[in-house]
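Asker: I have a structure I would like to understand better, so I am pasting it below and will then ask my questions one at a time.
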Protein chains: 2
Amino acid sequence: MPYGGAMNARVRSAERRAEIVRAALEVIAERGYRGASLAAVAERVGLTQQGLLHHFPTKEALLVAVLQERDQWDAVPDSRWRLDLLASLVDYNAMRPGIIQTFSALLGESVTEGHPARDYFTERYGRVRESMAGVLRAEYGDTLPNGLTPERVAPLLVAVMDGLQYQWLLDPASVDMPGAFRDFLRLLGEDTP
Amino acid sequence: MPYGGAMNARVRSAERRAEIVRAALEVIAERGYRGASLAAVAERVGLTQQGLLHHFPTKEALLVAVLQERDQWDAVPDSRWRLDLLASLVDYNAMRPGIIQTFSALLGESVTEGHPARDYFTERYGRVRESMAGVLRAEYGDTLPNGLTPERVAPLLVAVMDGLQYQWLLDPASVDMPGAFRDFLRLLGEDTP
């Protein structure tokens, strides 16, 4: 092709894929993964279902792209996390309810039988608990103020973040998610403002 | 009808309804509410879909019955809850993964748009936070060891219970849900065994 046409086609295809993934995030937030249809995603980006299948041959392939997208945003090197950065992450999450809704809906569905995101979440939580234990160890050493170990507090830290998201999504006027997360850090002995 | 036939019919109908609700709990655990079909529930209890509709005219009516069923189990008078009873509740939950799976899947779905369980969960969480604040006040008075109030710790208590359920359902071999919940009570200053 003249004028770098092949390159342009590749760029256009990548842009189109990104657009489809964004639409899929929205549709999953609205209907969950099981309730989402490729037809609804296609319609949102002005494609026929056939056109969408050219980019993502199956609904599961699209889900994989959605999950990879998330891993890209949240990919902060383990060693750079600190407890106060986690509080900032929760502040940031409170400004993006759509995305939090997508992943809260997916997490909920993932515990049902044979859900295609189940392995992803199982593996992810194992990794996140380990990485949170590392953050806690960097802050407190091997023993936390209350005699607990980093490994025992890590699942609580993760549970608080997830559990607060559901309460906040259901009733944002009554639940101050960032404030509540800082209260949890205070229980750990943090001197949080 | 002779021989108390009308009474027997009412009893049989109530038993049949209870059987349908149990089947619905299972189907929702497996597929979520949006993925559940009345046909699948009917098949499980050996009814035609028409026969099921006689007892529950819509899928939503069946969901309402499922949610009411839960409220019956968990209906402990507020004043009788104590923190150590909450730990026993988590022990009990760890012995009934099916039910916990049903309600974790429903909670996850409830944050999607127009979900028929959304109001139920919003209202329920408001009530549960209030009741947990009462439990904490009975235990600690107005100020908790870390300078927090019962109202500020209540959403954390609820979040930890919910969040641990997801981690445990996904990976029961790695997550000791009752132990982790007791660790959270320890952060509150409880002297838990």
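Asker: One residue is enough: does region A:117-133 have a residue meeting the conditions more than 16 Å from the chain's Cα centre (by Cα), in a helix (DSSP H, G or I), touching a residue at least 24 places away in the same chain (Cβ under 8 Å) and not assigned by TED's automatic domain parsing to the domain that holds A:ASP191?
Answerer: no
Asker: Next up: Do we have A:ARG70 as at pLDDT 90 or above and either under 12 Å from the mean Cα position of the chain (by Cα) or exposed (fewer than 15 other Cβ atoms within 10 Å of the Cβ) (or both) here? Outline the logic, then answer.
Answerer: Values: at pLDDT 90 or above: no; either under 12 Å from the mean Cα position of the chain (by Cα) or exposed (fewer than 15 other Cβ atoms within 10 Å of the Cβ) (or both): yes.
Here the answer is no, as A:ARG70 does not meet what is asked.
Asker: For region B:12-43, what are the residues that are of a type in the set (D, E, K, R) and away from chain A (no Cβ under 14 Å)?
Answerer: Start the filter on region B:12-43 by keeping residues that are of a type in the set (D, E, K, R), which leaves B:12, B:15-17, B:19, B:22, B:26, B:30-31, B:34, B:43.
Selection gives B:ARG12, B:GLU15, B:ARG16, B:ARG17, B:GLU19, B:ARG22, B:GLU43.
Asker: Hey, another quick one. For residues that are within 15 Å of A:SER174 (Cα to Cα) and either modelled with pLDDT under 95 or among the hydrophobic types (A, V, I, L, M, F, W, C) (or both), tally how many sit in region B:133-165.
Answerer: 6
Asker: While we're here: Is it fair to say B:LEU148 is more than 16 Å from A:PHE121 (Cα to Cα) and at the interface with another protein chain (Cβ under 9 Å from one of its Cβ atoms)?
Answerer: Working: more than 16 Å from A:PHE121 (Cα to Cα): yes; at the interface with another protein chain (Cβ under 9 Å from one of its Cβ atoms): yes.
When the stated conditions are applied, B:LEU148 passes them.
Asker: Among the residues of region A:134-185, which ones are basic (Lys, Arg) and within 13 Å of B:PHE184 (Cα to Cα)? Working first, answer last.
Answerer: Restricting attention to region A:134-185, the residues satisfying the condition of being basic (Lys, Arg) are A:137, A:152, A:182.
The one that is basic (Lys, Arg) and within 13 Å of B:PHE184 (Cα to Cα): A:ARG152.
Asker: Now, a different point. Determine whether A:ARG70 is more than 10 Å from chain B (Cβ to nearest Cβ), under 29 Å from B:ILE99 (Cα atoms) and of a type outside the set (A, V, I, L, M, F, W, C).
Answerer: No; evaluated as a whole, the condition is false for this residue.
Asker: Does B:ARG182 satisfy the condition of being at pLDDT 95 or above, facing chain A (nearest Cβ under 7 Å) and more than 18 Å from B:SER104 (Cα to Cα)?
Answerer: Working: at pLDDT 95 or above: yes; facing chain A (nearest Cβ under 7 Å): no; more than 18 Å from B:SER104 (Cα to Cα): yes.
Answer is no for this residue.
Asker: Can I ask one more? Identify all residues within region B:83-111 that are of a type outside the set (Lys, Arg), without any contact (Cβ under 8 Å) to a residue 40 or more places away in the chain and part of a loop (DSSP other than H, G, I, E, B); write none if there are none.
Answerer: Scanning region B:83-111 gives B:MET95, B:VAL111.
Asker: Suppose we filter B:ASP119, B:ASP91 for residues that are away from chain A (no Cβ under 14 Å) and not hydrophobic (A, V, I, L, M, F, W, C); which single one remains?
Answerer: B:ASP91
Yes or no, residue by residue, for (1) in contact with a Gly (Cβ under 8 Å, 6 or more places away or on another chain); (2) more than 30 Å from A:GLY35 (Cα to Cα):
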site: A:GLU109; (1), (2): yes, no
site: A:ARG124; (1), (2): no, no
site: A:GLU139; (1), (2): no, yes
site: A:PRO150; (1), (2): yes, yes
site: A:ALA159; (1), (2): yes, no
site: A:TYR166; (1), (2): yes, no
site: A:MET177; (1), (2): no, no
site: A:GLY189; (1), (2): no, yes
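Asker: Still on this structure: Filter region B:160-190 for residues that are farther than 18 Å from A:GLN167 by Cα, buried (at least 20 other Cβ atoms within 10 Å of the Cβ) and within 19 Å of the chain's Cα centre (by Cα) and give the result.
Answerer: Matches in region B:160-190: B:TRP168, B:LEU169, B:LEU170, B:MET177, B:PHE181.
Asker: Given the criteria surrounded by 13 or more Cβ atoms within 10 Å (Cβ to Cβ) and either assigned by TED's automatic domain parsing to the domain that holds A:ALA39 or among the β-branched types (Val, Ile, Thr) (or both), does A:ALA65 qualify?
Answerer: So A:ALA65 passes the test.
Asker: Answer yes or no as to whether A:GLU60 is assigned by TED's automatic domain parsing to the domain that holds A:ARG16, among the acidic types (Asp, Glu), surrounded by 15 or more Cβ atoms within 10 Å (Cβ to Cβ) and under 30 Å from A:ILE20 (Cβ atoms).
Answerer: Here the answer is no, as A:GLU60 does not meet what is asked.
The values are calculated or read from the model by the stated rules, or taken from the named source; none is laboratory data. These figures come from a predicted structure and were not determined experimentally. Quick reminder, even Gly has a Cβ in these numbers, built from the backbone with ideal geometry, and neighbours come from all protein chains shown.
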